[in-house]
1. Cβ-Cβ distance below 8 Å, separation of 6 or more or different chains: which pairs start in segment 217-230 with a residue that is within 11 Å of Cys256 (Cα to Cα) and part of a loop (DSSP other than H, G, I, E, B) and end on one that is modelled with pLDDT of 90 or more and among the aliphatic types (A, V, I, L, M)?
2. Does segment 194-207 include one or more residues that are at positive phi and either of a type in the set (D, E, K, R) or touching a residue at least 60 places away in the same chain (Cβ under 8 Å) (or both)?
3. Can you run down the residue pairs with Cβ atoms below 6 Å, 6 or more apart or on separate chains, where the first is in segment 93-107 and at positive phi and at pLDDT 85 or above and the partner is assigned to a loop (DSSP other than H, G, I, E, B) and basic (Lys, Arg)?
4. Select from segment 129-170 the residues that are surrounded by fewer than 17 Cβ atoms within 10 Å (Cβ to Cβ) and in contact (Cβ under 8 Å) with a residue 60 or more places away in the chain and list them in ascending order.
5. Got at least one residue in segment 328-350 being in a loop (DSSP other than H, G, I, E, B), in contact with a His (Cβ under 7 Å, 6 or more places away or on another chain), surrounded by 16 or more Cβ atoms within 10 Å (Cβ to Cβ) and of a type in the set (S, T, N, Q)?
6. Just need a number here: residues in segment 171-226 that are of a type outside the set (Gly, Ala, Ser), surrounded by 15 or more Cβ atoms within 10 Å (Cβ to Cβ) and under 21 Å from Asn246 (Cβ atoms).
7. When you scan segment 240-260, do you find a residue that is out of contact with any helix residue (DSSP H, G or I) (no Cβ under 6 Å at 6 or more places or on another chain), within 30 Å of Gly145 (Cβ to Cβ), part of a loop (DSSP other than H, G, I, E, B) and not acidic (Asp, Glu), even just one?
Amino acid sequence: MKTRISFLTIIISAVVLWSGCTDLKDGLPLPVAPGVQVHLPSWIDTASTNFHGTFANSDVASCLKCHGQNYNGGNSKVSCITCHKATGGSIHGRGWVDRTSLKFHGKKIAAANWDMRPCQSCHGATYAGGKVPTSCTTCHNQAGGPENCATCHGTTNPAPPRDLSGNTAKTFRGVGAHQIHFLGSTLASAMFCNECHVVPGPIYAAGHIDGTPNAEVVMNNPLARTVTNERGTADWDSTLALFTPNPTYNASQFTCASTYCHGNFKNGNPTFAPVWTDASGAQMACGTCHGDVTKPTTLEKALPKTASEGGTHPQSTSCSACHSGVVDATGKILDPTKHINGKLNVFGQERDY
């Protein structure tokens, strides 16, 4: 009888101890002998296939169970920070900050559909450190830290390049002519993102990071819809129709058509449909939006449609004689804010036409 009671006592005690360990309660007794550990010795050997960085990189949250919410020891009494802080390493393992590595954190976050919320469990709501002594904002130093628009697309500003796939060439649809529209040029003023896209508020707002491939192009730009040859304007001509742009984007051909900005205006070239991914610069040449690019000189190329071409513009290439506020005698644009702005600058006046 004594033997049975002792045996049962041992079994019950073992179950209780096992249960206590699995619940990872505080105040567990120290190992009964020196050197007792959960992990193999090769766990800290960088040359081993059992190196902890290989495993922790994919599931760093599991380390918290034993090493505590701040990795300073917890139930295990072994601090991860001791080594990682001293060596400048990362609890995420090798490659986490190496862009060339398959384990680069940007690639991991992209694979998680750009969800950075798990990062906040350790780095805090503002990514400035939280439970770990490492701030994401050291590198991601723009407003919002990692949640800044330029983290996923763009670099110094939200407009690509880079696109979501890391492409930087204009021939990629995600890059295209973003920068020249966002920053402006010697020909025209800058545009805002919401003039072509629905710009989300918070990063996780509905419709932003979703299952729909590619960015939605909605063509909200009011300038692109500028109507010309309106009855009642000083330059109205009853022999011409009303020019009413209807901006459209062809997602398969990457073209923008029927926009005021690119020729659909009085005496312009309404059928011009520039290709978003063109990298040659030819689509910015004088004559594309108004005139004829096949002509020999810049001023001849820029000449808008005359009466013989179905327009009303005088047969004169002295642009600066009438439009001195915009262009000089050589055809160089002097003030981009007065060019492609929905107005006609003539004899010093900015007027509807």
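The values are calculated or read from the model by the stated rules, or taken from the named source; none is laboratory data. Worth saying up front: this structure is predicted, and the values here are computed from it rather than measured. Using ideal geometry, Cβ is built from the backbone for each residue, glycine included, and neighbour counts are taken over all protein chains shown.
1. Correct list of pairs: Val217/Ala251.
2. Initial filter on segment 194-207 (at positive phi): 207.
Then keep just the ones that are either of a type in the set (D, E, K, R) or touching a residue at least 60 places away in the same chain (Cβ under 8 Å) (or both); that gives none.
The answer is no, given that none of the residues of segment 194-207 is at positive phi and either of a type in the set (D, E, K, R) or touching a residue at least 60 places away in the same chain (Cβ under 8 Å) (or both).
3. Close Cβ pairs (under 6 Å, with a partner that is assigned to a loop (DSSP other than H, G, I, E, B) and basic (Lys, Arg)) do not exist here.
4. Lys131, Ala169
5. Pass one, segment 328-350, residues in a loop (DSSP other than H, G, I, E, B): 328-332, 334-335, 339-343, 347-348.
Then keep just the ones that are in contact with a His (Cβ under 7 Å, 6 or more places away or on another chain); that gives none.
Checked segment 328-350: no residue is in a loop (DSSP other than H, G, I, E, B), in contact with a His (Cβ under 7 Å, 6 or more places away or on another chain), surrounded by 16 or more Cβ atoms within 10 Å (Cβ to Cβ) and of a type in the set (S, T, N, Q).
6. Number satisfying all stated conditions: 11.
7. No: zero hits.
Conditions tested, residue by residue: (1) within 16 Å of the chain's Cα centre (by Cα); (2) within 30 Å of His313 (Cβ to Cβ).
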| position | (1), (2) |
| --- | --- |
| Leu183 | yes, no |
| Ala190 | no, yes |
| Cys196 | yes, yes |
| Ala205 | yes, no |
| Asp210 | yes, no |
| Glu216 | yes, no |
| Val227 | no, yes |
